[in-house]
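So the structure is just underneath, and the comments pick up after that.
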Amino acid sequence: MQVTDALARAAGLGGEALRTPDGQASGWRDLADRVARGAAGLLEELGPAPVVALLAENSLDYLVAVLAAIHAGGRAMPLNHRLGDPEIEALLMRGGPDLLLTDAANDGRAAGWPGRRMRLDAPDGWGALEQVPPVPSREVAAGGAVLTLFTGGTTGLPRGVDLSAAALLGNARIGVEALSLGPRDICCFTAPFFHIGGLALAFCAMVAGAGGVVVPRFDPQETPRAIAGHRASLVFLTPTMMAMVLDAPGAQPKRMQGLRRIFYGASPISPALLRRIDAAWPGVDLIQAYGQTEICPLAILPAEDHRRALAGEDTEALGAAGYPTPGHELRIVDAAGRECPTGTPGEVWARGPTAMLGYRDDPEATQAALAPGGFVRTGDVGFLDGRGRLHLVDRLKDMIVTGGENVYSTEVENILAAHPAVARVAVIGLPDPRWGERVHAVVELRPEHPPADALAAEIGAFARSRLGGFKCPRSIAFSEGPLPLTGAGKVAKAELRRAAWAGQGRQVG
């Protein structure tokens, strides 16, 4: 099955409509017609196999544009609008799309990119492309790339992960089964569509023929209102989002009691937060998914395990990422690639039907990410327990997961190191009850710059002018002496991290 086949099937199931908080509504049949017309407009304007980049908040138009690019035999390239403009421009130059679609919230951004652009939310923009007769699907053959999603890169610039229809639909079929989705369900799409978590849930709804409410952006007060107003039965929330809903001024958790399932992922969750969620929404099923853009979902922790754990019958489950998903094989290996015994941590390797095709135009990085036998090296350290569940305990990569966003320390360090007061810097993640982890910088200053609160604020502003906000340090500390070094002359981050995470049961948020 291809993406356009799944869309046609959804159109025939007669399920719930897709909606927006402001009252727009569209059934899958109407959406399929818009997609076919949008594809025709893209072909007229851009020619065969159009590559369409999107820099916008969630909307029905966004979903139509992604599917239309695929229908036209091209590829969609969603961009993270939370990045800084220089970062977005660099991704556009690398990806070379034929068209950039923006909305009102992002109009005028990435002005340094010289390519063609169009407003996604304007009648004389994307709306005009749909004013042509529909065309039959020209989707690329099975196995070809239909979507490029950008993920963080250890050298500073995010890498484009190419995904096929087989990977996207394989992901969706796993999700539909795990979430028990059907045509009468209504999903609330809160995660941004530039993330695999956000777009994957939309594909799950399409495969199931389920309805949905498309929220432009997550807001801890408005999102619960949208869920209640549209009778959403399922919502995807990161742990940070759930904590923000519970902690919002005037929070009324009971407003979301109509929910039957909360699907969560993107970062680990603390047992304390799980218990708060269970108390706020009694009877709501919690389901966790673990994966990464390159291959997902790799593990799912079902509602039954959550219930047993919260009842005190299987507390080990509170720290688990889940059971391997159908069709996926996990290996836990040591540094030599040898299998680790049950309970012994090692790097998580995975293979299965949802694996990426590779990193776009980066064969070296693709090769480095692959292990013998077609396994993808996740860069995460974990172990399997006696029940076969995966537990994550650390990361091989210097990646920080803050509020569901991936931040690579090298990228932030490269920016901070350019400040004239900075002699050396190490960026690590610190435990944070709200964000899971927060970006923390430990700075060794040059002798002529003594530590001061004003200097910390200046360095913070320096970072904010060059990076997306979620990548910027939430805290900055000045080292009392030289930063500790390894034998190879590199900053000993493990030593800094060990002190910062003292007393924590695991080394991820």
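The values are calculated or read from the model by the stated rules, or taken from the named source; none is laboratory data. Predicted model, so just to flag it, every value in this text is computed and none were measured. A quick note on method: Cβ atoms are made from the backbone with ideal geometry, for glycine too, and the neighbour counts reach across all protein chains shown.
It is to be established whether one or more residues within the range 34-51 are under 18 Å from Asp162 (Cβ atoms), out of contact with any strand residue (DSSP E or B) (no Cβ under 8 Å at 6 or more places or on another chain) and crowded, with 24+ Cβ neighbours inside 10 Å. Checking the range 34-51: not a single residue is under 18 Å from Asp162 (Cβ atoms), out of contact with any strand residue (DSSP E or B) (no Cβ under 8 Å at 6 or more places or on another chain) and crowded, with 24+ Cβ neighbours inside 10 Å.
On the stretch given as the range 12-28, residues that are farther than 18 Å from Val214 by Cα and hydrophobic (A, V, I, L, M, F, W, C) total 1. The sole residue among Thr402, Thr410 that is out of contact with any Pro (no Cβ under 8 Å at 6 or more places or on another chain) and within 18 Å of His195 (Cβ to Cβ) is Thr402.
In the range 381-394, the residues that are within 15 Å of Ala289 (Cα to Cα) form Cβ pairs under 8 Å with partners that are buried (at least 21 other Cβ atoms within 10 Å of the Cβ) and charged (D, E, K, R), at six or more places apart or across chains, as follows: Arg389/Asp305; Leu392/Asp380. Restricting the first member to the range 445-472 and to residues that are within 19 Å of Ile428 (Cα to Cα) and without any contact (Cβ under 8 Å) to a residue 24 or more places away in the chain, and the second to residues that are part of a loop (DSSP other than H, G, I, E, B) and of a type in the set (A, V, I, L, M, F, W, C), the beta-carbon pairs closer than 8 Å and six or more apart or on different chains are Gly460/Cys472; Arg464/Cys472.
Scanning the range 402-452 for residues that are among the acidic types (Asp, Glu) and surrounded by 16 or more Cβ atoms within 10 Å (Cβ to Cβ) yields Glu405, Glu411, Glu413, Asp432, Glu437, Glu444.
Remark: pairs (first residue in the range 152-173, modelled with pLDDT under 95; second residue in a helix (DSSP H, G or I) and of a type in the set (Asp, Glu); Cβ separation under 7 Å; 6+ apart in sequence or on different chains) = Gly156/Glu411.
Filter the range 354-383 for residues that are under 19 Å from the mean Cα position of the chain (by Cα) and not in a strand (DSSP E or B); which is surrounded by the fewest Cβ atoms within 10 Å (Cβ to Cβ)? Among those residues, the one meeting the criterion is Leu357. For Ile227, the conditions (1) at pLDDT 95 or above; (2) in a helix (DSSP H, G or I); (3) surrounded by 22 or more Cβ atoms within 10 Å (Cβ to Cβ) all hold with the exception of (1). For the criterion of being surrounded by fewer than 23 Cβ atoms within 10 Å (Cβ to Cβ), closer than 19 Å to Val176 by Cβ and aromatic (Phe, Trp, Tyr), Tyr290 fails.
A count restricted to the range 173-196 and to residues that are crowded, with 24+ Cβ neighbours inside 10 Å and either part of a helix (DSSP H, G or I) or on the phi > 0 side of the Ramachandran plot (or both) stands at 4. For the range 13-39, the tally of residues that are in a helix (DSSP H, G or I), touching a residue at least 40 places away in the same chain (Cβ under 8 Å) and not hydrophobic (A, V, I, L, M, F, W, C) stands at 4.
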